Amino acid sequence: MAAAINSILLKIKPKIKIKICNPLSDCARSSSRRSASPSILQFFFSTTTLTYADADSDCSNETNATADANPNFIHPSADVHPNAITGHGVSVGPYCTIGSSVKLGNGCRLYPGSHVFGNTEIGDHCLLMPGAVVGDHLPGRTVLGRSNVIGHHAVIGVKCQDLKYKPGDECFLLIGDNNEIREHTSIHRSSKSSDKTVIGDNNLIMGSCHIAHDCKIGNNNIFANNTLLAGHVVVEDYTHTAGAIVVHQFCHIGSFSFVGGGSVVSQDVPKYTMVAGERAELRGLNLEGLRRHEFTATEIKSLRTAYRNIFMPVDSNSTSFEERITKVEEDKELGKIPVVCTMIQSLRDSFAQNRRGICKFRYFSGS
């Protein structure tokens, strides 16, 4: 028997060309090529070329051509409902489950023990690692875009943990393209049919994170391990969280901001700022983040001046917070800088109706 298997592998191996590339094709986080040696599992997954999107090249035409040439591979132990719709070049590993209403795009790969349930649509070239669960049999829908990676034992698009959810209500989760969602992360659908949980493009969501019902996540964010977002949290673009942070429900995290490790965020984080502490406080501008994202020296200098005038007045008793914001707005120079205007608007929005205000900040004297 062993001799027969070795003979088969020797015949198969020369025909296999494995190209393992970074599936986050449009993401600026990495431009390096990654390759891996073919494993015994890959031999049984396919006897033809397997191709993924590469970070350094536009290989969409190549992958489509390969998908057309590739027959689907479904392992005999996988449970695939006959009504499920699969694209070209789909590989389904051992002990996977695909439900009756599932749609899989071209080139998707389900590693052993991964499952897709409910009314779920997964775009082209997505990767489900072992133990991943996507979708639920609840009314509603889960939609993933292209080139997403769902990590080991991550649970995506299941029932929310909100007691206000009424059984039978539709609930939704929409995820964009090129997101890397790592191991043991959980992302829940919305709590009601009139809302959606939404995640944009090019986000890195590290291990054991939680994104609760009705959250709105933008693009190009990095959530470190154990970042926990309660319901209805809004995170804009290019934010970065350190590990083990907790964000209170209905809080807003502004673009290009940074949240320090171990922080409990109970109020809004304004754009461009940095917060840290057991009860998160403003600690200044996210200068390193601004430099990395190529803000000009003039923009950074103007933001620093505006920040000092608003949050670090010489005499905090002489003027109110609102008066200091207005003074910066009316400044002949600062008032004309777009990033300063954007920061001011972020501050004003945090004090709008039903918003939580901004994180506390300390006054500093000149001494």
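In summary, Tyr165 fulfils each of the numbered conditions (1) touching a Lys or Arg at 6+ places or on another chain (Cβ under 8 Å); (2) closer than 27 Å to Gly87 by Cβ; (3) hydroxyl-bearing (Ser, Thr, Tyr) with the single exception of condition (2).
Taking the options Gly260, Gly243, Gly254, name whichever one is among the small types (Gly, Ala, Ser) and at pLDDT below 95.
Gly243
Apart from one condition, Glu294 fits all of (1) part of a loop (DSSP other than H, G, I, E, B); (2) touching a strand residue (DSSP E or B) at 6+ places or on another chain (Cβ under 6 Å); the exception is (2). Please indicate, with yes or no, whether at least one residue in region 269-277 is part of a strand (DSSP E or B) and either open to solvent by 30 Å² or more (accessible area, probe 1.4 Å) or touching a Pro at 6+ places or on another chain (Cβ under 7 Å) (or both). Yes; the residues of region 269-277 include at least one that is part of a strand (DSSP E or B) and either open to solvent by 30 Å² or more (accessible area, probe 1.4 Å) or touching a Pro at 6+ places or on another chain (Cβ under 7 Å) (or both).
Within the span defined as region 309-319, one or more residues are of a type in the set (A, V, I, L, M) and touching a residue at least 40 places away in the same chain (Cβ under 8 Å). If you go through region 297-330 and pick out every residue that is in a helix (DSSP H, G or I), farther than 16 Å from Ser257 by Cβ and among the acidic types (Asp, Glu), you end up with 4.
Residues that are surrounded by 20 or more Cβ atoms within 10 Å (Cβ to Cβ) and outside any loop (DSSP other than H, G, I, E, B) within region 205-217 comprise Ile205, His210, Ile211, Ile217, listed in sequence order.
Output the residues belonging to region 218-234 that are open to solvent by less than 10 Å² (accessible area, probe 1.4 Å) and assigned to a strand (DSSP E or B). Before the answer, list the steps.
Taking region 218-234 and keeping what is open to solvent by less than 10 Å² (accessible area, probe 1.4 Å), we get 221, 223, 227, 229, 231, 233.
Scanning region 218-234 gives Phe223, Leu229.
Taking the criterion of being in contact with a Gly (Cβ under 7 Å, 6 or more places away or on another chain) and either open to solvent by less than 10 Å² (accessible area, probe 1.4 Å) or farther than 16 Å from Lys159 by Cα (or both), the residues of region 133-147 that qualify are Val134, Gly135, Thr142, Leu144, Gly145, Arg146.
Among the residues of region 251-307, those identified as closer than 17 Å to Thr239 by Cβ and among the β-branched types (Val, Ile, Thr) are Ile253, Val259, Val264, Val265, Val269, Thr273, Val275.
What number of residues in region 185-194 are surrounded by 17 or more Cβ atoms within 10 Å (Cβ to Cβ), in a loop (DSSP other than H, G, I, E, B) and not basic (Lys, Arg)?
Matching residues across region 185-194 total 3.
Flag: Val340 does not match the condition of being touching a His at 6+ places or on another chain (Cβ under 9 Å) and open to solvent by less than 20 Å² (accessible area, probe 1.4 Å). Within region 167-182, the presence of at least one residue that is among the aliphatic types (A, V, I, L, M) and open to solvent by 30 Å² or more (accessible area, probe 1.4 Å) is confirmed. Select from region 71-91 the residues that are assigned to a strand (DSSP E or B) and of a type outside the set (A, V, I, L, M) and write down the one among them that is least open to solvent (accessible area, probe 1.4 Å). Residue satisfying both the conditions and the ranking: Ser91.
One residue stands out in region 235-244 among those that are in a strand (DSSP E or B) and free of Cβ contacts under 8 Å to residues at least 40 places away in the same chain: the one that is nearest to Arg291 (Cα to Cα), namely Thr241. For region 321-329, does any single residue satisfy the condition of being aromatic (Phe, Trp, Tyr) and out of contact with any strand residue (DSSP E or B) (no Cβ under 8 Å at 6 or more places or on another chain)? Checked region 321-329: at least one residue is aromatic (Phe, Trp, Tyr) and out of contact with any strand residue (DSSP E or B) (no Cβ under 8 Å at 6 or more places or on another chain). Of the residues making up region 331-351, one or more are free of Cβ contacts under 8 Å to residues at least 24 places away in the same chain, in a loop (DSSP other than H, G, I, E, B) and closer than 30 Å to Ile222 by Cα.
The values are calculated or read from the model by the stated rules, or taken from the named source; none is laboratory data. For clarity, every value in this text was computed on a predicted model and none was experimentally measured. No Cβ is skipped: glycine too gets one built from the backbone with ideal geometry, and neighbour counts run over all protein chains shown. The protein model used for the area step is the full one, side chains on, heavy atoms only, and it has no ligands, DNA or RNA in it. Shrake-Rupley method; radii C 1.70, N 1.55, O 1.52, S 1.80 Å.
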